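The values are calculated or read from the model by the stated rules, or taken from the named source; none is laboratory data. Remember, predicted model here, so these are calculated numbers, not experimental data. Ideal geometry is used to build each Cβ from the backbone, glycine not excepted, and the neighbour counts take in all protein chains shown.
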């Protein structure tokens, strides 16, 4: 698969490390946007920088597409693949449902924040990962849960997408998935009467995000091997800068279209990956890889600290004139990342790793209890 001009893919470890580096960039963006909410004296520049951070989620989607398409190439049993994905995501997410429920109840009673998503049907929707389609459950039972709903929606169709993409030529697959991405983009814009407002249900719901995965599947099929090329390509870097600029203009700068803005930023991510070549080695620095490896846990736990710091800041307002907007942003960002990283390392070691191992053991048990094949 892929162009014969591409260099062979490096070791699995190498691939994992630069992908982890990208995850680190993505989670830093997510933490940036939520940290900025703690700063009252935000300049227009700081506001744009903060809103740019929200596209860390779309970078996660790009990384997920690469990871999922690659794993499906090596996993012939779709049932086992689904089991692995479930044990990778569900245990920590279910614990988050239990963890955040009493916190949201207390905040509701204190009048500090108003939370939906605490009704039984909302919790059930989250347990089934259907909350992306339920407005009251989408982003409130677990903060940031909307992106998990989008991921799980993609997982539902990913094996079929991979099989279709690999059945046909690279060019044909790219054209088909590009067309599907355009169609679902048009559908989202039409259903939201011109495009959703930022950070609303219609922005978060899967229909407005799945075009990133659809186009990603086509790009992976077409450029698959080149993702691991050591040769830099300036044309991809130029396109990456253009796509990022377009996405920022459509999104945080001009507030024009929040269906096309995430797609443009995702395309920027793809182009950067294809163009960086051996410069991707900077993504394999140990501290960067470490942050990326625990990024899912950071994503889940950093909302807790955001809530704690908002409560502290509300009860004990800090004088903005001492440090200024960027100064306080830097203070809260460092504090948020330090606290979240420590907590995330704990949840990664005690929840994520054991859950992944449990999924592996369950698959081995299923294999050992398979009925013997009948002889013809």
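Would you pick out the residues in segment 194-224 that are at positive phi and under 16 Å from the mean Cα position of the chain (by Cα)?
If the condition is that a residue be at positive phi and under 16 Å from the mean Cα position of the chain (by Cα), then 199 is the only one that fits.
Of all residues in segment 173-189, count the ones that are within 16 Å of residue 223 (Cα to Cα) and surrounded by 15 or more Cβ atoms within 10 Å (Cβ to Cβ).
Final tally of qualifying residues: 5.
Could you check residue 311 against (1) surrounded by 14 or more Cβ atoms within 10 Å (Cβ to Cβ); (2) touching a helix residue (DSSP H, G or I) at 6+ places or on another chain (Cβ under 9 Å); (3) closer than 19 Å to residue 32 by Cβ; (4) at pLDDT below 95 and say which number it fails?
The single condition residue 311 does not satisfy is (3).
Residue-by-condition table, conditions (1) within 21 Å of the chain's Cα centre (by Cα); (2) without any contact (Cβ under 8 Å) to a residue 40 or more places away in the chain:
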position: 30; (1), (2): yes, no
position: 41; (1), (2): no, no
position: 57; (1), (2): yes, no
position: 76; (1), (2): no, yes
position: 81; (1), (2): yes, no
position: 100; (1), (2): yes, no
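Within segment 331-352, can one find any residue that is over 30 Å from residue 89 (Cα atoms) and modelled with pLDDT under 95?
Filtering segment 331-352 down to residues over 30 Å from residue 89 (Cα atoms) leaves 331.
Imposing the further condition that a residue be modelled with pLDDT under 95 reduces the set to 331.
The answer is yes; a qualifying residue exists.
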